[in-house]
Structures are given as C-alpha cells and as structure tokens.
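S.K.: Mind looking over this structure? Questions follow.
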Amino acid sequence: MADLRLEDCVNKVCPWSGDPVSADSLTLYKGAVVGFCNTGCRDKFEKAASLFDAAIQD
C-alpha cells in the first residue's frame with residue numbers, strides 16, 4: 001500500500017515479532033495505519049483480521 005506512511009503508523013514495533021516496523025510493511029485497519037516488521041507478518045495479520053471480522057459479522 002504505497003499511500004501509507006510510516007510516520008502515520010500507530011505502533012513502533014511489530015505486534016507479531018516485537019521487531020521495529022518497516023515502511024514497506026504497513027496496512028490500514030479500521031482507519032489506522034498499522035506497521036509490521038516485514039510483509040509476511042503484515043499478510044498474516046490481514047488474513048487473521050479478515051477471518052475474525054467475517055466471523056463476528058455472522
């Protein structure tokens with residue numbers, strides 16, 4: 001997501017690994033820019049969040 005900026009990120013460390021976030025590993029979740037240490041952690045979060053969001057909508 002090229003339009004997301006590291007300076008807008010709500011966290012400084014990856015929620016999965018605890019490592020510092022990286023500018024190429026950001027996502028938008030419920031209106032907030034959330035950062036991860038790498039794209040693998042970001043993708044894991046996006047998948048988990050979409051499954052959780054779908055489950056609570058049922």
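S.K.: What's the exposure ranking of Thr27, Thr39, going from fewest to most Cβ atoms within 10 Å?
M.R.: Ranked by crowding around the Cβ, least crowded first: Thr39, Thr27.
S.K.: Here's something else I'd like to know. Can you put Ser50, Ser25, Ser17 in order of Cβ neighbours within 10 angstrom, beginning with the fewest?
M.R.: Ser50, Ser17, Ser25
S.K.: List every residue whose amide H lies under 5 Å from the amide H of Tyr29, counting only residues 5 or more places away in sequence or on a different chain, with H placed 1.01 Å from N in the peptide plane.
M.R.: Under 5 Å from the amide H of Tyr29 lie the amide H atoms of Val34, each far enough along the sequence or on another chain.
S.K.: Viscosity 0.692 mPa s, temperature 37 °C: what is the translational diffusion coefficient of the chain from Stokes-Einstein with a Kirkwood Rh over Cα pairs, rounded to a whole number of µm²/s?
M.R.: 286
S.K.: So which cysteines in the chain don't have a second cysteine's C-beta under 4.7 Å from them?
M.R.: By the Cβ distance rule, which asks for a partner under 4.7 Å, the isolated cysteines are Cys9, Cys41.
S.K.: May I pose another question? Cut-off is 10 Å between beta-carbons; in what order do Phe52, Phe45 appear when sorted fewest neighbours first?
M.R.: Ranking Phe52, Phe45 by Cβ neighbours within 10 Å, fewest first, gives Phe52, Phe45.
S.K.: If I build a Gaussian network model for the chain, linking alpha-carbon pairs within less than 10 angstrom, which residue out of Val34, Val13, Val21 has the largest mean-square fluctuation?
M.R.: Result: Val13 has the largest fluctuation of those listed.
S.K.: Please work out the Cα center distance from the range 1-34 to the range 42-58, rounded to the nearest Å.
M.R.: Taking the Cα centre of each part, the range 1-34 and the range 42-58 sit 17 Å apart.
S.K.: Using Cα atoms only, what is the angle between the long axis of helix 39-57 and the major principal axis of the chain, expressed in degrees (0 to 90) to the nearest 10?
M.R.: 30
The numbers here are math on the coordinates, done by the rules we state, and not lab data. Because the structure is a prediction, the values reported are computed rather than measured. Positions of Cβ are backbone-derived with ideal geometry, glycine not excepted, and every protein chain shown enters the neighbour counts.
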